[in-house]
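To start, the structure itself, in structure tokens.
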Amino acid sequence: MIQAVILLGAPGAGKGTLAEGLKRSADFIHVSTGDMLREQVKAGRPLGLRAKAYMDQGELVPDDLIMQIIAERLDGGPAAARYLFDGFPRTTEQARGLDALLAARHGGIRKVFLLEASRATLVARLAGRRVCQQCAAVYHLRNIPPRQADVCDQCGGPLRQRPDDTEATVLNRLEVFRQQTEGLIAYYAARGLLARIDAGQQRDQALADIINLLPVATPP
Ligand code: AMP
């Protein structure tokens, strides 16, 4: 049985960072559609090439492509596991698609965490974000600085700004998120699955708040 936990939040809310922390405290398979798409782009795969044009503009990649990579990911994973979805679903169409995929695998959604932070916090986090080109570790110029400027602490790879973290694209991504989220929030709130988390606070506190509300895993 697949048990899904979802991290829902605007770009810069800390989904990736919190997912890393959560994986350390619980046994999750982490699925980030953003990471998966960036890997497809880097590898020059056809799906990546189709997705890139949308990503560069800060627009959402079409639902059918996203559902395709999620279905493949679930098919390639164990039949019984806890999945942590980060950056997915982004639309109610994707949320319905996920329900159908989980139902077909006798699974379900256990909790949806809505990570909330002010617009000023989101913009500041995205503007200062730097990502390792080799291992994808994430830093922030002020909040999580690397020991040596522009060099990854973990693998020595070069740190760069993500192409979609530039100002114009960031503003569009935040607007796209605002437009899509209301429907998603209503979708999950109506089912009693939604928990709001203050993602503007320190990472460790936000993580503790999530862990407190995390449902206990049911045995497979
Ligand atoms: P993220 O790393 O989650 O900020 O995603 C980066 C970009 O990948 C987004 O701006 C979208 O273009 C695309 N993307 C990631 N996840 C999704 C999704 N679930 N649905 C549509 N587009 C997505």
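Name the long-range amide H neighbours of Ile29: under 5 Å, sequence gap of 5 or more, or other chain; modelled H, no Pro or chain starts.
Residues meeting the criterion, in which the H sits 1.01 Å from N, are Arg82, Tyr83, Leu84.
Which ³J(HN,Hα) values in Hz, rounded to whole numbers, follow from the phi angles of region 39-48 under the Karplus curve 6.51 cos²θ - 1.76 cosθ + 1.60, where θ = phi - 60° and Gly and Pro get x?
5, 5, 5, 4, 7, x, 6, x, 5, x
How high is the relative contact order of region 59-204, given as a whole-number percent (alpha carbon pairs under 8 Å, six or more residues apart)?
30
List the lysines whose alpha-carbon lies under 20 Å from that of Lys15, not counting same-chain residues fewer than 8 positions away?
Lys23, Lys111
Which lysines have a Cα lying under 17 Å from the Cα of Lys52, excluding residues fewer than 8 positions away in the same chain?
Within reach: Lys42.
Does region 1-131 come out rounded, prolate or oblate, given a ≥ b ≥ c as the square roots of the eigenvalues of its C-alpha gyration tensor, rounded meaning a/c under 1.5 and, failing that, prolate meaning a/b above b/c?
oblate
Is the shape of the chain rounded, prolate or oblate, going by the alpha carbon gyration tensor and its root eigenvalues a ≥ b ≥ c, with a/c under 1.5 for rounded and a/b larger than b/c for prolate?
Since a/c stays below 1.5, the shape of the chain is classed as rounded.
Could you line up Ser32, Ser25 from fewest to most neighbouring Cβ atoms inside 10 Å?
Result, fewest neighbours first: Ser25, Ser32.
Using a 10 Å cut-off on Cβ atoms, rank the peptides 175-182, 83-90 from the highest mean neighbour count down.
Sorting 175-182, 83-90 by mean packing, highest first, produces 83-90, 175-182.
Given the C-alpha centroids of region 103-127 and region 47-87, what is the distance between them in whole angstrom?
If we compute the Cα centre of each part, the gap is 15 Å.
What ³J(HN,Hα) values, in whole Hz, does the Karplus curve 6.51 cos²θ - 1.76 cosθ + 1.60 give for region 172-187 when θ = phi - 60°, with x put for Gly and Pro?
Coupling constants for region 172-187: 5, 4, 5, 5, 4, 4, 4, 5, 7, 6, 3, x, 5, 4, 4, 4 Hz.
From the phi of every residue in region 191-203, what ³J(HN,Hα) in whole Hz does the Karplus formula 6.51 cos²θ - 1.76 cosθ + 1.60 yield, where θ is phi - 60° and glycine or proline is x?
Working through the residues one at a time gives 9, x, 9, 8, 10, 8, 10, 6, 8, x, 7, 4, 3 Hz.
Coordinate-derived values only; no laboratory data. Fair warning: this is a prediction, and the values are worked out from it, not measured in the lab. A quick note on method: Cβ atoms are made from the backbone with ideal geometry, for glycine too, and the neighbour counts reach across all protein chains shown.
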